[in-house]
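Each remark here refers to the structure printed beneath this line.
The values are calculated or read from the model by the stated rules, or taken from the named source; none is laboratory data. Owing to the predicted nature of the structure, the values given are computational and were not obtained by experimental measurement. Virtual Cβ from ideal backbone geometry, glycine too; neighbours counted across all protein chains shown. Quick note on the areas: whole protein, heavy atoms, side chains included, nothing else; ligands and nucleic acids left out. Shrake-Rupley method; radii C 1.70, N 1.55, O 1.52, S 1.80 Å.
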Amino acid sequence: MASETPSQVLVEEISSITRLLQLFLAYEEDPRVKLVIVKGQGIAFCAGGDVPAIVRDIRLGKWGRSTDFMSLQHTLNYVMATYSKDQVSILNGIVMGGGAGVSVHGRFRIATENTVFAMPETSLGVFPTVGASYFLSRLPGFFGEYVALTGARLDGAEMLACGLATHFVPSTKLTALEADLCRVGSSDPVTFASIILDAHTQYPHPKHRSACQRLDVIDKCFSRRTVEEIISELEREATHKPDDWISATVGALKKASPAGLKISLRSIREGRLQGVGQCLIRENRMVSHVMKGDISKDFVEGCRAILIDKDRNPKWEPRRLEDMKNSMVEQYFKRMEEEDGWEDLKLPPRKHLPASAIAKL
């Protein structure tokens, strides 16, 4: 609504996430519920509507309210990732930021021809949260680093190819799919859901210009130790064989926040060795530093340039990658001072978990 203030938007977002968390916990205990279907309304599953409200709170010095919001969101992500019943996420639209958090952690993830997935946080001066360091780090090779650092947009076929989606179903078949899923029996809901989804799914091939057709180049370049080395390797590749895709990738990296790039790369690399709970606790700690803004204020500046003023000309600080020192990156991964009234995320206890959830811990 046009009359809504950013604060009202954030209150509504908190209310929605709280309600989702309550429902998921209640459904988990309800023997009548066999599986949970999650889908968006309209063209967007979720696309960052909370960000301007968070920026406004930070500017008002109320960064703690935004960290509380993120803590609630990360708690919901954890419950979804370790859910004892099957979640079917229908991604028939834009899936970005928080939308990825409430969908990609589900067991079954359905993409369509309308799906657009991205984690564009580095262009906003921040890093992918909502457990992204867990699920992106588990994509083939170093595709997760590519997605996290560049903010690349993936369509439904690409999501299926890289494993972010488990199935691809044309949007015209979604109504029939939901109807079939709602008839899943109680004897073995996992098997029945898999059979139904397999019956409806198709297997589109990624386009010729897709990043999924360049996995060898992505692995060669994005496996490098630092962001500077990744860019240098991409530029070296371009000298051997001019490629518009490489040029666009280098361009995206050079436009992004140096702080966002460096903390994102380290986050993904650490996520490879951590369970989903550890990733969410660490990400929550990192995002709290971002909200407080003591190390860098790139998040507020990126949102101003891209989402608010829309001049698309952010003034990053530090401006150059080489000026974002390792000691500055390190600060994002440390516990914050308790005198700020801050404490590490405390995840709820989980019980009676299936093997698929236990494997994520």
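Sequence-distant or interchain residues sharing an amide H contact under 5 Å with residue 86, placed H: which?
36
Give the aspartates and glutamates reachable from residue 207 as a straight Cα distance under 17 Å; neighbours fewer than 8 places away on the same chain don't count.
The qualifying aspartates and glutamates are 113, 155, 158, 216, 243, 244.
Skipping prolines and chain starts, which residues have an amide H placed within reach, meaning under 5 Å, of the one on residue 94, given they are 5 or more residues away or on another chain?
Residues meeting the criterion, in which the H sits 1.01 Å from N, are 44, 45, 46, 116.
Rank 65, 153 by accessible area, highest first, at a 1.4 Å probe radius?
I get 153, 65, largest accessible area first.
Cut-off under 13 Å on the C-alpha distance; same-chain residues fewer than 8 positions from residue 62 excluded. Which aspartates and glutamates are left, in chain and number order?
Excluding near neighbours in sequence, the set is 340.
Which order do 160, 177 take when ranked by solvent-accessible area (1.4 Å probe, heavy atoms of all protein chains), largest first?
Sorted by accessible area, descending: 160, 177.
Say R0 is 41 Å: what FRET efficiency, to the nearest 0.05, do residue 333 and residue 198 get from their beta-carbon distance?
Efficiency, rounded to the nearest 0.05: 0.50.
Using only alpha carbon pairs under 8 Å that are at least six residues apart, calculate the relative contact order of the chain and give it in whole percent.
20 percent
Could you point to the residue in 159, 275, 300 farthest towards the positive end of the range 149-304's charge dipole, with +1 and -1 charges on the Cβ of Lys/Arg and Asp/Glu respectively?
Going by the charge dipole, the pick is 300.
For the cross-link pairs 292/334; 255/325; 34/351; 292/360; 173/360, which exceed 25 Å when the distance is taken from alpha carbon to alpha carbon?
Among 292/334; 255/325; 34/351; 292/360; 173/360, the Cα-Cα distance tops 25 Å for 292/360; 173/360.
In terms of Cα to Cα distance under 18 Å, which aspartates and glutamates are near enough to residue 85, apart from those fewer than 8 places away along the same chain?
28, 29, 30, 178, 180, 188
So for each of 227-234, 30-37, 307-314 I average, over its residues, the number of other beta carbons within 10 Å; can you give me the resulting order with the highest mean first?
227-234, 30-37, 307-314
Rank-order 106-112, 216-222, 320-326 by packing density, defined as the average count of other C-beta atoms within 10 Å over each peptide's residues, highest first.
Taking the mean over residues of other Cβ atoms within 10 Å, the ranking is 106-112, 216-222, 320-326.
Carbon and sulfur atoms: what percent of the 1.4 Å accessible area of the range 274-352 do they account for?
Exposed carbon and sulfur together represent 46 percent of the surface.
Taking only protein heavy atoms and a 1.4 Å probe, what accessible area per residue, in Å², does the chain have with all protein chains in place?
Ligands and nucleic acids excluded, the figure is 46 Å² per residue.
Could you please state, rounded to a whole Å, how far the C-alpha centre of the range 261-308 is from the C-alpha centre of the range 40-111?
The distance from the Cα centre of the range 261-308 to that of the range 40-111 comes to 15 Å.
Between residue 269 and residue 355, what is the label-point separation in nm under the 7 Å Cα-to-beta-carbon projection?
Simple spin-label model gives 3.4 nm for this pair.
Arrange the peptides 132-138, 166-172, 341-347 so that the one whose residues have, on average, the most other Cβ atoms within 10 Å appears first.
The packing order, highest mean first, is 132-138, 166-172, 341-347.
How much accessible surface area, in Å² rounded to 10, belongs to the heavy atoms of residue 297 with a 1.4 Å probe?
Estimated to the nearest 10 Å², residue 297 gives 140 Å².
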